[in-house]
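Below is one structure, written out as structure tokens, with a few remarks after it.
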Amino acid sequence: MKAVIAENLVKTYNKGAVKALDGLNLDVEEGTVLGVLGPNGAGKTTTVRILATLLSPDSGNATVAGIDVLKHPDEVRKLIGLSGQYAAVDETLTGWDNLIMFGRLYHLSAQATKQRAIELLEQFALSDAAKRPIKTYSGGMRRRLDLAASLIIRPKVLFLDEPTTGLDPRGRQDMWGVIDDLVKGGVTLLLTTQYLEEADHLADEIAVIDHGKVIARGTSDSLKKQVGGERLEIVVENEHLEIVKDIVARVSGSAINVDEGLRQISAPVTTGSKALIEAAKMLDEKGIHPLDIGLKRPSLDDVFLSLTGHVAEEKKEEEASVNKGRRRGK
Amino acid sequence: MINFISDAAVITKRQLLQLSRVPELLLFSTIQPIMFVLLFRYVFGGSIDTGQPGGYVQLLMPGIFVQTVAFTLAGTAVGLAADMQKGLIDRFRSLPISRSAVVIGRTLGDGALNIVVLTAMGVAGYAVGWRPTSSLFEVFLGFVFLLVFGFAMSWIGVLIGLSVREERVATNATFIVVFPLTFLSNAFAPTTGMPKPLQYVAEWNPVSTMVAACRELFGLENQFGATAGSFPSENPLQMSVIYMILIMAIFIPLSIRKYNNAAKK
């Protein structure tokens, strides 16, 4: 069963001047994780806001857990959890105060609310900080508390809008661990991200969006195949080019790419660091010391480049509208 | 309905909890009006001849009470704009709660804060010579009036806060609304000294009718200039009730609608 369905969503801002969503379609199978990948201004947040009942689309339909988002938003709200880019909790209150407040707003009994708050604080490693105001929390702790607040009712469908944007690497790792655990618990999750790595790590399926439309969709592996996956890249002195071509071809098993000018040989590999070690060993046996050797993982830019032919444009809605205004002015 | 009441109560409780977590909030929102009492009492008190027994402080206190509760608008607007900016309103709107509980909880919370502030001001006023000459019941009624007026003004704040969506803008926007409203009135100086056209504006100003109503309830006489003999000058109490109903009838539905369509920047 599909836990989330969005059909032909269109949303414009500034009286049609900015098209945030341009006929967006997506769905999420129950109990799976869909990663919505795209640059700023692609329409990720608008999509989440519509599905979470915060915004009405100009046209199109959406259902969450089988319920029409536009016709029965109140019913949908009982089943979803939402955690956004900005930690939407009351900073002057303590972590405990916040969870109790949201628990009461979900109409849990006082007893059930307390119990759930204790559980969640434990689960998110925030028990020690429970009685401290959120103001004193680190960025990662805030996000975790924000996420905890959205899980009070054990939602059927969870929306996470860029859950790790702005976090340091440590905070990101922690957050990934927390989300991993949730997913193991069987929640249906729609998460947006700007990082291919994050979608790769957390999502069963990835939908790439650009200019308010889904432009590609599939598992991380299938997308990577489309993009080319990881590539082994070796740079050597000219005299070794021929031998290294041979090595790379053997390690990769597929067509190699040679850039004579850069003295670089590269080829797609599927075994990751294993391929790197293998190649390094072979080079060593031949007594060749490469100028550079490494694995290049496809970035969001690579995905976009291969899917759209242009690099990911970091365009904010406001900027987009200003640019349009200027263009019209000419 | 039961859910609605409990939802609103949770939001009100949140605000009171904020006060207990950040006591400075309560401290400064009380100190400021007391400071006004002292400043006006001793700076202007000497130079304004009131012609009333007991001197300027008798006229001043109702004025400053009304000004203070009018400023409830600012607190509400700034608070909601901050919630909006931080995405808290988004979260509230994603919860299965009544569409008006958040704003009603907020206005009730801001109204409740006025009880503390007015009490502190009353004590400070008494200390510097304010002595209402009416019955205890009338004085009590005056304070009830002030609380309801503060509640009504708070709804204008809801609309401003949700519209500007940014804390700092809300601070500036509310100043522009509240300052002319409270100073273009009889609150601090008699309207009879103003240019004639301005007297009409000042005397029809809801703040003026509120001040006049409170003065009446505290046992003072009112002076009117251009509008002497007209309905608001003859019946400041009734006129104030009409204004409060009018403000709430307009701003409560507008505010709730705004909340439902609220979108974070």
Original post:
Which order do A:Ser273, A:Ser83 fall in if you start with the one that has the fewest other Cβ atoms within 10 Å?
Top reply: A:Ser273, A:Ser83
Subject >> Net dipole in debye of the range A:1-126 [+1 Lys, Arg Cβ; -1 Asp, Glu Cβ; about Cα centre; nearest 20] >> reply: 260 debye
**OP:** Name the long-range amide H neighbours of A:Ile209: under 5 Å, sequence gap of 5 or more, or other chain; modelled H, no Pro or chain starts.
**Re:** A:Leu37, A:Gly38, A:Ile215
**OP:** With only Lys, Arg, Asp and Glu charged, each at its Cβ (+1 for the first two, -1 for the last two), find how big the charge dipole of chain B is about the Cα centre; round to the nearest 20 debye.
**Re:** 1020 debye
Original post:
Along the charge dipole of the range B:144-229, Cβ charges K/R +1 and D/E -1, which of B:Ile156, B:Tyr200, B:Asn172 sits furthest on the positive end?
Top reply: B:Asn172
**OP:** For helix A:273-285, report the angle its Cα long axis makes with the longest principal axis of the Cα atoms of chain A; keep it between 0 and 90° and round to the nearest 10°.
**Re:** 20 degrees
Original post:
Can you give me the relative contact order of chain A as a percent, contacts being Cα pairs under 8 Å and 6 or more apart?
Top reply: 21 percent
Original post:
Can you tell which of A:Leu126, A:Ala20, A:Val33 lies farthest toward the positive end of the dipole of the range A:1-128, using +1 and -1 charges on the Cβ of basic and acidic side chains (Lys, Arg; Asp, Glu)?
Top reply: A:Ala20
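In peptide B:92-104, what is the residue-averaged number of other protein chain Cβ atoms found within 10 Å of each Cβ? Walk me through the numbers on the way to the answer.
Details: counts 4, 8, 15, 14, 13, 6, 1, 2, 0, 1, 1, 0, 0.
Per residue, the average neighbour count from other chains is 5.
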**OP:** Please order A:Glu162, A:Glu278 by the number of other Cβ within 10 Å, starting at the fewest.
**Re:** A:Glu278, A:Glu162
**OP:** Rounded to the nearest 10 degrees, what's the angle between the helix A:139-149 long axis and the longest principal axis of chain A, both from Cα atoms, 0 to 90?
**Re:** 50 degrees
**OP:** On a 0 to 90° scale, report how tilted helix B:101-127 is relative to the longest principal axis of chain B, with both axes built from alpha carbons and the result rounded to the nearest 10.
**Re:** 30 degrees
**OP:** Please find, in a Gaussian network model of chain A (springs between Cα atoms separated by less than 10 Å), the residue of A:Val248, A:Val36, A:Val258 whose mean-square fluctuation is greatest.
**Re:** A:Val258
Subject >> Note, ³J(HN,Hα) from phi for the range B:169-177, Karplus 6.51, -1.76, 1.60, rounded to Hz, x at Gly and Pro >> reply: 5, 4, 4, 5, 4, 6, 4, 5, 7
Original post:
If you count, for each residue, the other Cβ atoms within 10 Å and average over each peptide, how do B:56-69, A:127-140 line up from highest to lowest?
Top reply: B:56-69, A:127-140
**OP:** Work out the length of the dipole vector of the range B:34-154 about its Cα centre, built from +1 on the beta-carbon of each Lys and Arg and -1 on the beta-carbon of each Asp and Glu, and round it to the nearest 20 debye.
**Re:** 320 debye
Subject >> Leading residue at positive end of dipole, the protein assembly as shown (Cβ point charges), from B:Leu60, A:Ser56, B:Ile247 >> reply: B:Leu60
Original post:
Taking only C-alpha pairs under 8 Å that are 6+ residues apart, what is the relative contact order of the range A:96-210 in percent?
Top reply: 23 percent
**OP:** Please list, in chain and number order, the residues 5+ apart from A:Val4 or on another chain whose amide H is under 5 Å from its amide H, with Hs placed from the backbone.
**Re:** A:Val28, A:Ala65
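What does the average come to when, for each residue of peptide A:147-158, you count the partner chain Cβ atoms lying within 10 Å of its Cβ?
Numbers: counts 0, 0, 2, 3, 0, 1, 2, 0, 0, 0, 0, 0.
Whole-number average of other-chain Cβ neighbours for A:147-158 is 1.
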Original post:
Using the Karplus equation 6.51 cos²θ - 1.76 cosθ + 1.60 (θ = phi - 60°), what ³J(HN,Hα) coupling, rounded to whole Hz, does each residue of the range A:233-247 give in order, writing x for Gly and Pro?
Top reply: 10, 10, 10, 9, 5, 3, 4, 9, 3, 5, 4, 5, 3, 4, 4
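To make sure I understand, if each residue's beta carbon is the centre and we count other beta carbons within 10 Å, what order do B:Met210, A:Met1, B:Met35, B:Met84 fall in, fewest to most?
Working: B:Met210 33, A:Met1 8, B:Met35 12, B:Met84 24.
So the ranking, lowest neighbour count to highest, is A:Met1, B:Met35, B:Met84, B:Met210.
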Subject >> Within the protein assembly as shown, helix-based [θ] at 222 nm, where runs of 4 or more DSSP H residues each add -39,500 (n - 2.57), nearest 500 >> reply: -17500 deg cm²/dmol
Original post:
Which semi-axis lengths, in whole Å and largest first, follow from the square roots of five times the eigenvalues of the Cα gyration tensor of the range A:10-118?
Top reply: 30, 17, 14
Original post:
Counting only residues 5 or more places away or on other chains, whose amide H sits under 5 Å from the amide H of A:Tyr106 once H atoms are built in the peptide plane?
Top reply: none
Subject >> Using θ = phi - 60° and Karplus 6.51 cos²θ - 1.76 cosθ + 1.60, couplings along the range B:211-222 (whole Hz; Gly, Pro as x) >> reply: 4, 4, 4, 5, 4, 4, 5, 8, x, 10, 9, 9
Original post:
For peptide B:82-88, how many partner chain Cβ atoms fall within 10 Å of a residue's Cβ, on average?
Top reply: 4
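Read-outs: derived from the displayed coordinates by stated rules, not from any lab. Computed from a predicted model, the values in this text were never measured in an experiment. Cβ sites come from the backbone with ideal geometry, for glycine too, and all protein chains shown count toward neighbours.
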